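Colleague: Structure incoming, see below.
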């Protein structure tokens, strides 16, 4: 059994997806990208698809393997016990130069059932039509590093009726009339199901009419502008209508969103830090060339209209601020050490991952000799075997950890101003 009682460097995999930016993550990490590949996501964690590597005395080893060999030593005893000896979160940097797919994530029960059903059918884990890559849910928090635009949750039904009605499309009038008579979650579900299940001819006429009407209004409202922009990127895709159905939200640096299971959303552009339950389950509804399983998505979605909450962090100490927590698996916080000689000591009773996004600092453990220098772009693992650590320097970090409890932080959420 390995007893890891030292802080370790991480080497984290890059995911190259078509919508990624060739410059944002390299800029954040201070690294070169000579091939100008679309660096979409940096993953920090132990997901089987792409686990981080940990610098050990024996060289670089997979974090997934280290946890399997010594779950209590790496995760901390209570985290290992509570989460079945698995790292409960996945930490990411996301850089969207183009819109991501309209999507939602299943809850725990749906994920377990879906994963087991696809296994019974013998569907390969890397099959393009597979919906469930694991048996876990995927609540997530996204915090903007640079201005970030997203679609998140269904608009109020009155707003959907106004936006869709202003398009003045005869093809939509029967469905809109039904939604006016039944302005509730069942009516919204029927309306959305009609759009998702539209035959090719109806869909073509609907999108063509919506884009023409939106072009005339694009200077009046960014929702209409995004209909036009999305159609250029994904011509003829039903997801083009999403800005008229979902809340359009702009996050300024430091502001965050929390996305529960069943929340239809799409990230449009920007750079952010993502922290989520350790899962890669995605059910897509549009704006993609990948597999779309309409019936499975419909069974997953929450059709409650809502106002989006923008999260701002609460002061925890003089250097640490914590974002409101709504998930048992993770907690996101940001550290700001503002002076070169600034020194702070942090406690730890589980596993932590820290990413330096500004400046330079050194990490050390009280009672141990030596220190490890960490520069902008570097990530470190604080294993459960480390009870406390010291950071000295002028730097900023995002930190992922697992809370023992939610600590009453829901009051830090505030209604947003949607665009």
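Colleague: Which order do the peptides 91-100, 68-77, 292-301, 194-203 come out in when sorted by mean C-beta neighbours inside 10 angstrom, highest first?
Modeller: Result, highest mean first: 91-100, 68-77, 292-301, 194-203.
Colleague: Mind pulling the angle between the C-alpha long axis of helix 200-217 and the longest principal axis of the chain? Nearest 10 degrees, somewhere in 0 to 90.
Modeller: The angle comes out near 80 degrees.
Colleague: Working from Cα positions, state the angle (0 to 90°, nearest 10) between the long axis of helix 222-233 and the longest principal axis of the chain.
Modeller: Compared with the principal axis, the helix lies near 90 degrees.
Colleague: Ignoring everything except DSSP H segments at least 4 long, calculate the 222 nm mean residue ellipticity for the chain; use -39,500 (n - 2.57) per segment, divide by total residues, nearest 500.
Modeller: Result for the chain: -7500 deg cm²/dmol, rounded to the nearest 500.
Colleague: Say we join alpha carbon atoms closer than 10 Å with springs in a Gaussian network model of the chain; which of 177, 395, 210 then has the biggest fluctuation?
Modeller: 177
Colleague: What whole-number volume per residue, in cubic angstrom, does the convex hull of the C-alpha atoms of segment 314-412 give?
Modeller: Roughly 93 Å³ of hull volume per residue.
Colleague: Listing 145, 102 from the residue with the fewest other Cβ atoms within 10 Å to the one with the most, what is the order?
Modeller: On the way: 145 20, 102 28.
Ascending number of Cβ neighbours within 10 Å: 145, 102.
Colleague: A further question on this structure: Which residue, 342, 378, 47, has the most motion in a Gaussian network model of the chain that connects Cα atoms within less than 10 Å?
Modeller: Among 342, 378, 47, the largest GNM mean-square fluctuation belongs to 342.
Colleague: Let me ask something else about it. What order do you get for 78, 226 when you list them from fewest to most C-beta neighbours inside 10 Å? Spell out each step's value before the answer.
Modeller: On the way: 78 14, 226 23.
Ordered by Cβ neighbours within 10 Å, fewest first: 78, 226.
Colleague: Subtracting the Cα-Cα distance from 0.36 nm times the residue separation, let me have the gained length for residue 125 to residue 293 in nm, one decimal.
Modeller: Numbers: separation 168, 0.36 × 168 = 60.48 nm, distance 1.63 nm.
So the extension gain works out to 58.9 nm.
Colleague: May I pose another question? Can you tell me how segment 72-223 classifies by the Cα gyration tensor, rounded, prolate or oblate, using a/c under 1.5 as the rounded cut?
Modeller: Prolate, because a/c is 1.5 or more and a/b exceeds b/c.
Colleague: With springs only between Cα atoms under 10 Å apart, run a GNM on the chain and tell me which of 205, 86, 321 wobbles the most.
Modeller: 205
Colleague: Moving on to the next point. Does anyone have the angle between helix 157-166 and the longest principal axis of the chain? Alpha-carbon axes, 0 to 90°, nearest 10?
Modeller: Taking the Cα atoms of the chain, the angle to 157-166 is about 50 degrees.
Colleague: Using the count of nearby Cβ atoms within 10 Å as a rough guide to exposure, how do 316, 258 rank from fewest to most?
Modeller: Ascending number of Cβ neighbours within 10 Å: 316, 258.
Colleague: Related question: Share of Cα-Cα pairs in segment 224-375 beyond 20 Å, in percent? Please report the intermediate quantities before stating the final value.
Modeller: Working: 7275 of 11476 pairs.
Roughly 63 percent, once rounded to a whole number.
Colleague: If you don't mind, there's one more thing I want to ask. What translational D, rounded to a whole number of µm²/s, comes out for the chain from Stokes-Einstein when the hydrodynamic radius is the Kirkwood one over Cα pairs, at 10 °C and 1.306 mPa s?
Modeller: Translational diffusion coefficient: 70 µm²/s.
Each reported figure results from applying straightforward, stated rules to the coordinates on display, with no laboratory input. Just so it is clear, the model here is predicted, and its values are computed rather than measured. Glycine gets a Cβ as well: all are built from the backbone with ideal geometry, and neighbour counts include every protein chain shown.
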